[in-house]
Amino acid sequence: GQTLGETFPEHKRSMHPQYHAVTLEQLLTHRGGAAGDLAKDELWGKLWQHKGTPTSARRLLFQGITAKPPEATPGEKYIYSN
């Protein structure tokens, strides 16, 4: 499947290397290793304060999640996050 590194090459440098090979399917089925709790890094707060477009808010969320190592090995654990 298509990976995050392939889909978002412009974000590859800021993305933690473990996310490069995560597939879109893994991410969308909550098996990409992304953290379930976005409050601990204040990411939810940043999103609530964001004044840009919905697209730029999604970019902020994507960058905030993928900048740090996955919470679990991608593909191995189901971690739900709204």
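Key figures for this structure:
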quantity: Heavy-atom SASA rank of Tyr19, Tyr80 (probe 1.4 Å, accessible area, largest first); calculated: Tyr80, Tyr19
quantity: Full-stretch length increase - Gln63, Arg13 - with 0.36 nm per residue and alpha-carbon distance subtracted; calculated: 16.9 nm
quantity: Tilt relative to the chain, helix 54-66 - C-alpha long axis, 0 to 90 degrees, to 10; calculated: 50 degrees
quantity: Reach of Lys77 by Cα under 19 Å, taken over aspartates and glutamates that are not fewer than 8 positions away in the same chain; calculated: Glu25, Asp37
quantity: Partner lysines for Lys40 [C-alpha distance under 16 Å; skip if fewer than 8 residues away on the same chain]; calculated: Lys68
quantity: Total formal charge among the other residues, if their Cβ is under 13 angstrom from that of Thr66, Lys/Arg +1 and Asp/Glu -1; calculated: +2
quantity: Apportionment of accessible area to carbon and sulfur, the chain, percent (1.4 Å); calculated: 53 percent
quantity: Linear extension gain, His20 paired with His50, 0.36 nm per residue minus alpha-carbon span; calculated: 8.2 nm
quantity: Positive-end extreme of charge dipole, the chain - chosen from Leu28, Gln63, Gly75 (charges on Cβ); calculated: Gln63
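The values are calculated or read from the model by the stated rules, or taken from the named source; none is laboratory data. Quick caveat: nothing in here was measured; it's all calculated off a predicted structure. All Cβ positions, even for glycine, are placed from backbone atoms using ideal geometry, and neighbour counts span all protein chains on display. Accessible surface areas use protein heavy atoms only, side chains included; no ligands, DNA or RNA. Shrake-Rupley method; radii C 1.70, N 1.55, O 1.52, S 1.80 Å.
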